[in-house]
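All remarks here apply to the structure that follows.
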Amino acid sequence: MTPPRKKKMNLKQRYALMTRGLDWETSYQKMDDVFPYDTFEGIKITDWSKWEDPFRLTMDAYWKYQGEKERKLYAVLDSFAQNNGQQGISDARYVNAIKLFLTGVTPLEYQAHRHFAHLGRHIRGVGPRVAAQMQSLDELRHAQTQIHTISHYNKYFDGFAEFPHMHDRVWYLSVPKSFFDDACSAGPFEFFTAISFAFEYVLTNLLFVPFMSGAAYNGDLATVTFGFSAQSDEARHMTLGIEVIKFMLEQHPDNLPIVQKWVDKWFWRGHKVLGLVAMMMDYMLPKRIMSWKEAWEIYFTEAGGALFEDLSRYGLRVPKYADIATDEAEHISHQNWAIFYQYTQAAGFHTWLPNDEELDWLSEKCPNTFDKYYRPRFEMWREMEAKGERFYNNALPQLCQTCQIPMGYTEPGDPTKIGFRSSVYKDERYHFCSQGCKDIFDDEPEKFSQAWLLVHQIFQGNCGGADLSDVLKWYHMDQGIDNMDYTGSPDQKQWDAWQAARKKVAG
Amino acid sequence: MLANIDEEWREMIVKYLIPLRHYEWGANMNACAVSDAGYGAALTSAMIFTTGDRLGIAQILSRIGIVLSEGDAELLGRAKQAWMEADAWQGVRKAIEDSLVEKDWFEVLLAQFLVMDGMVYPLVYKHFDTAGQKHGAAALSILCEFMVDWSAEHNRWVDAVVKTAVKESDENRVLLSDWYGKWRSIMSEALQPQAAMVLGDGGEAVLNEVCEQLDARASKLGLTL
Ligand SMILES: [Fe+2]
Ligand SMILES: [Fe+2]
Ligand SMILES: [Zn+2]
């Protein structure tokens, strides 16, 4: 008689053995001591085994795919360098968008790597723990490939060389930095909600689609390539984000109010950080793809609307102040670019005023606001420039205690009035750019009252001195090279020389 | 491929090798802990790659278990039971669990990657593997080749890290030597039943040899024994 045939395992069972099957209930040490961080936030997980793995990637497959991808990436980069790809971009002004990305976003990839390692060690459920470990690897690779790609631009353009140093010090870089520091100093479930869900699921298309199509439109093949290489990883990150949210909501009804509060908070924080991307899309791309307002409509109003419709069955509602953020989509880029124009002397990239054609494009894209509130200001600044009286703002701005952006935003419904809010905590008054930022502070005043705000630090004498030149030195920015207007910059001279040489050859 | 292994040794593999997938999972957690809490990209970046490598090794061991089990989970279940309950494994499991609650990330690094791995890898992938050759286990050596190559490479990194830290100051040397002594004695005891189970009477001598070689490596790194 032949022995009974063994039952073959399906993929799901096999994957379970390769991951959660490795885990055990510790007995020489208490599980709560082995996993000390996953309960204090109040999120109740009654049964981790209910977690459904959204993807099944074993390590050998991971190394194989990533290795192949990276080989292709480096081949493209080599040919970009050999063919002087930097000369084939639309215009050298474009490079300033890349400067903002490398100094502002790439360090966040690295922070994401560090903190997903925290989750990869400390989340009790093996499914999300393994997913977090792989994401930690992904984010480290993203930081590395971005630095590698962008290092080529550093050979020809200013403003790149000191990116990690600048990330820790420069006023506008403290906006993305403090956003991530906030997430990394929160508990693991809040971090998942902040980064995996709010940032990578809800808002990611507003960062990566504009950025990558902007790069493609403007002839920046190097950036397009690292974008594509990250895309398959991002698909995994997004699924992790949505699955964690659903899992928390399915596990216990007490989780809903906690998750809702985090969704509200991180939506608002993300909206403010993305104001930098809005500015990039509306002002910094020599060849435009779509306006920030259009991107917001497609990727938040429509896609986000459908998402929250779907999540309503768990009781989750659209983030608080989504309506205000939507109204601001026709304001935020103009207000931000105006801030950078006024403070160009302290920025690590170049600024400029939009030309006639660009002004008309902005009028067309923001018909409700641009001609009425913003065009006159840019035209006035243009006249001042013509008279040799270019406007610089030499006063240090007040910063929002929560988002750290200079308080230049206006009241909802009244674009002629700057929006101020404040709260008193332990006898000190703190200032905010908006009700959203005030609410966040009021919920965690002990945390946000400790925020590192550059302007305060300058006044306290912690930034190299009191003069602009002292602070620039402390930033590692070279006066007249890394900062100020594009017109007259070494970047421009270099670019014009390339164009002249081309004409000669074509001549 | 594994069909040539005799019945008796197959049983032995389930006892000594397959439970190590849980040891690897512990090492994965420890690498991830160092990547999380450590200071300096030279250490933390390397440790997240190690995190992935140790999960990969745990998965290689799991696949070996599934193949030996002709496609089902039965042997993995028995190996897990051994990890949880068999006397021979309790010392190692306790050492791993103790390392998981250790708060000093450098002690975790030293305990896991210098001491525990420094004994487990040569004992299992060299000495136990050699013993298996008499039982037709040549194919198993091929399946474990990755672990041998991987640890040779990883040890160079571990040695460089420990050496640098020892050189930094006398206080470092004293502290690291202390930790080394503590984990060395825990592990040399924990592995005795393993060595006896697989190598019988010869086990003790082999384990002593493994410990001596690790001591020699540690002295070279500047640790005081
Ligand atoms: Fe990333
Ligand atoms: Fe990501
Ligand atoms: Zn604010």
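The values are calculated or read from the model by the stated rules, or taken from the named source; none is laboratory data. All values reported here derive from a predicted model rather than from experimental measurement. Glycine gets a Cβ as well: all are built from the backbone with ideal geometry, and neighbour counts include every protein chain shown. Just the protein is used for accessible areas: all its heavy atoms, side chains included, with ligands, DNA and RNA removed. Shrake-Rupley method; radii C 1.70, N 1.55, O 1.52, S 1.80 Å.
What trypsin sites (Lys or Arg not before Pro) does segment B:30-135 have in DSSP loop regions with at most 10 other beta carbons within 10 Å?
B:K103
Give the calculated FRET efficiency between B:D178 and A:E379 to the nearest 0.05, with a Förster radius of 60 Å applied to their Cβ-Cβ distance.
Step by step, r from the Cβ atoms, then E = 0.25.
Quick check: net charge around A:F432, other residues with Cβ under 12 Å of its Cβ, Lys/Arg +1 and Asp/Glu -1? Don't skip to the answer; put the middle values down first.
On the way: positive: A:K272, A:R421, A:R429, A:K438; negative: A:D439, A:D442.
Summing Lys/Arg as +1 and Asp/Glu as -1 gives +2.
Under a point spin-label approximation (7 Å from Cα along Cα-to-Cβ), what is the A:V505-A:D327 distance to one decimal in nm?
5.3 nm
Suppose every K and R has +1 on its Cβ and every D and E has -1 on its Cβ; what is the size of the dipole of segment B:2-220 about the Cα centre, in Debye to the nearest 20?
300 debye
For the interface of chains A and B, what total accessible area is buried with a 1.4 Å probe, rounded to the nearest 100 Å²?
Using a 1.4 Å probe on protein heavy atoms, the buried area is about 3800 Å².
If a paramagnetic tag sat 7 Å from the Cα of A:W24 along the Cα-Cβ line, which residues of segment B:84-127 would have the backbone N under 12 Å from that point?
Under cut-off, by backbone N: B:84-98.
For segment A:56-506, what proportion of DSSP beta bridges, expressed in % and rounded to the nearest 5, is antiparallel?
Values: 8 of 9 bridges.
Roughly 90 percent of the beta bridges in segment A:56-506 run antiparallel, per DSSP.
Specify which residue in the list B:S169, B:L223, B:A27 is farthest towards the positive end of the charge dipole of the protein assembly as shown, using unit charges on the beta carbon of Lys, Arg (+1) and Asp, Glu (-1), about the Cα centre.
In the protein assembly as shown, that residue is B:A27.
Place a point 7 Å from Cα of A:W452 in the direction of its Cβ. Which residues in segment A:464-507 have their backbone N less than 16 Å from it?
Residues A:464-465, A:474-476 fall inside that zone.
What is the list of residues in segment A:314-339 whose amide nitrogen lies under 16 Å from a point 7 angstrom out from the Cα of A:N355, following Cα to Cβ?
No residue qualifies, since no backbone N sits under 16 Å from the label point.
In Å², and per residue, what accessible area does the protein assembly as shown have when probed at 1.4 Å with the other protein chains present? Spell out each step's value before the answer.
On the way: 30080 Å² over 732 residues.
Dividing the accessible area of the protein assembly as shown by its residue count gives 41 Å².
Where in chain A lies the longest segment free of GluC sites (Glu not before Pro) that are both loop residues by DSSP (not H, G, I, E, B) and have at most 13 other Cβ atoms within 10 Å?
A:53-388
Return the FRET efficiency for the residue pair A:K287, A:F308: r is the Cβ-Cβ distance, R0 is 30 Å, and the value is rounded to the nearest 0.05.
0.35
Dipole of segment B:2-220 (Lys/Arg Cβ +1, Asp/Glu Cβ -1, origin at the Cα centre): which of B:G77, B:L43, B:I66 lies farthest to the positive side?
Checking the options against the dipole of segment B:2-220, the answer is B:L43.
Using only Cα atoms and rounding to the nearest 10 degrees, what angle (0 to 90) does helix B:203-220 make with the longest principal axis of chain B?
Rounded to the nearest ten degrees, it is 30.
Determine which aspartates and glutamates satisfy two conditions relative to A:K44: a Cα distance under 15 Å, and not lying fewer than 8 residues away in the same chain.
Hits, sequence-local ones excluded: A:D32, A:E190, A:E250, A:D254.
Could you give the angle, 0 to 90 degrees to the nearest 10, between helix A:174-184's Cα long axis and the longest principal axis of the Cα atoms of chain A?
The angle comes out at about 10 degrees.
What nm value, rounded to one decimal, do you get for the distance between B:D98 and A:D442 when each label is placed 7 Å out toward the C-beta?
Spacing of the two 7 Å Cα→Cβ label points: 5.3 nm.
Using a 1.4 Å probe over the heavy atoms of the protein chains, calculate the carbon and sulfur portion of the accessible area of chain A as a whole percent.
53 percent
Chymotrypsin sites (Phe, Trp or Tyr not before Pro) within segment A:355-400: which are DSSP loop residues with at most 14 other Cβ atoms inside 10 Å?
A:F391, A:Y392
Using θ = phi - 60° and the Karplus curve 6.51 cos²θ - 1.76 cosθ + 1.60, what whole-Hz ³J(HN,Hα) does each residue of segment B:157-162 get, with Gly and Pro shown as x?
5, 4, 4, 5, 5, 5
What do you get for trypsin sites (Lys or Arg not before Pro) in segment A:304-392 restricted to DSSP loop and a cutoff of at most 10 other Cβ within 10 Å of the site's Cβ?
Loop-located and lightly packed - A:K387.
Calculate the spin-label point distance for A:K493 paired with B:Q192, positioning each point 7 Å from the Cα along the beta-carbon direction, and give it in nanometres.
So the label points at B:Q192 and A:K493 sit 7.8 nm apart.
With 20 Å as the limit, write out which pairs from A:K320/A:K438; A:K287/A:K372; A:K261/A:K438; A:K177/A:K272; B:K94/B:K163 have Cα-Cα distances beyond it, or answer none. Provide the component values of the computation, followed by the final result.
Numbers: A:K320/A:K438 13 Å; A:K287/A:K372 24 Å; A:K261/A:K438 14 Å; A:K177/A:K272 13 Å; B:K94/B:K163 28 Å.
Beyond 20 Å between Cα atoms: A:K287/A:K372; B:K94/B:K163.
I'd like the FRET efficiency for B:S141 and B:E11, computed as 1/(1 + (r/R0)^6) with the beta carbon distance as r and R0 of 22 Å, rounded to 0.05. Spell out each step's value before the answer.
Working: r = 18 Å, r/R0 = 0.83.
About 0.75, to the nearest 0.05.
With axes computed from alpha carbons, what is the tilt in degrees of helix A:126-154 against the longest principal axis of chain A, rounded to the nearest 10 within 0 to 90?
Value to nearest ten degrees: 20.
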